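So the structure is just underneath, and the comments pick up after that.
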Ligand SMILES: [Zn+2]
């Protein structure tokens with residue numbers, strides 16, 4: 001019994017010692033674990049803080065970027081608006097410049113109460129290409145701004161099988177007077193006034209008006225020109241080159257002159273063609289709006 005107890009006490013002590021060791025080790029490892037945990041938490045905490053700091057920096061950078069982007073957009077918009085203003089201003093200036101260099105007489109309606117000054121001479125005045133003339137030695141002249149339109153139109157008419165020739169173009173005031181007195185002699189004063197009134201002749205003094213003939217009848221201006229394919233071609237196409245018929249059949253301004261075509265610019269001629277109107281139908285104020293762009 002005693003031995004047993006002794007023996008037993010040995011085991012008991014051994015077990016106690018082992019348990020104590022185990023507990024100690026456990027506590028040690030727990031303590032180590034806890035220490036690690038604290039360190040990890042601290043590390044995590046500082047990282048979280050860095051992340052927060054970085055996020056703050058990022059968002060402030062984003063704000064800054066957005067602010068700069070807004071400024072840039074605003075500046076671009078202002079720049080564009082400014083550019084447009086400059087453009088508008090420049091086009092107004094160029095329009096005014098053109099207007100100042102364009103003779104307003106070119107789009108003037110003439111009548112028995114309003115006609116061209118005898119001192120008016122178109123500027124510039126250039127010779128017409130000889131191959132366009134009915135009389136090659138005629139030495140005919142025209143306004144320099146009109147010449148390219150006239151040439152293009154006659155080339156197009158020829159290409160379409162409706163060849164035209166020019167019998168007369170620019171006529172100075174003294175030439176007009178000579179022609180008029182010539183008519184007076186031939187037809188008598190009454191007829192001459194109707195045939196060559198100041199109105200129609202003023203248009204020739206402008207240097208922008210042409211009397212056309214056909215190669216078949218190159219010598220004279222006759223109402224039968226109105227029945228030719230050349231006349232039909234002009235009615236359909238002349239507006240594309242800026243020319244209009246001044247005195248159509250049945251007009252109230254002057255006698256019918258199918259051969260007499262006046263340059264008024266492509267814009268105005270196209271409008272008149274589209275609205276089936278004639279130059280003398282429009283109000284002078286309306287016509288004046290087309291002056292600056294007459295040679296465009
Ligand atoms: Zn004429």
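A short reminder: the numbers here are calculations on the coordinates, not readings from a lab. Bear in mind the structure is a predicted one, so any value in this text is a computation, not a measurement. Cβ: placed from backbone, ideal geometry, glycine included. Neighbour counts: every protein chain shown.
Couple of notes before you dig in:
- This ranking places 11, 233 by how few other beta-carbon atoms lie within 10 Å of each, fewest first, which gives 11, 233.
- Antiparallel content of DSSP bridges confined to the chain, in %, to 5: 90 percent
- Against the main long axis of the alpha-carbon atoms of the chain, helix 2-101 sits at an angle near 10°.
- Only DSSP H runs of four or more residues enter the estimate; each adds -39500 (n - 2.57), and after division by the residues of the chain the mean residue ellipticity at 222 nm equals -19500 deg cm²/dmol.
- Ascending count of other beta-carbon atoms within 10 Å, so fewest first, for 125, 12: 12, 125
- Cα→Cβ-extended label distance, 7 Å offset, between residue 278 and residue 73, nm: 6.0 nm
- Region 1-101 - convex hull of alpha carbons, volume per residue in Å³: 73 Å³
- Cα centroid of region 99-132 to Cα centroid of region 14-80, whole Å: 89 Å
- Fewest-first ranking of 105, 64, using other Cβ atoms within 10 Å as the exposure measure: 64, 105
- Label-point gap, in nm, between residue 87 and residue 129 - each point 7 angstrom along Cα→Cβ: 3.6 nm
- Gyration tensor verdict on the chain (Cα atoms; rounded if a/c is under 1.5, prolate if a/b is larger than b/c, oblate otherwise): prolate
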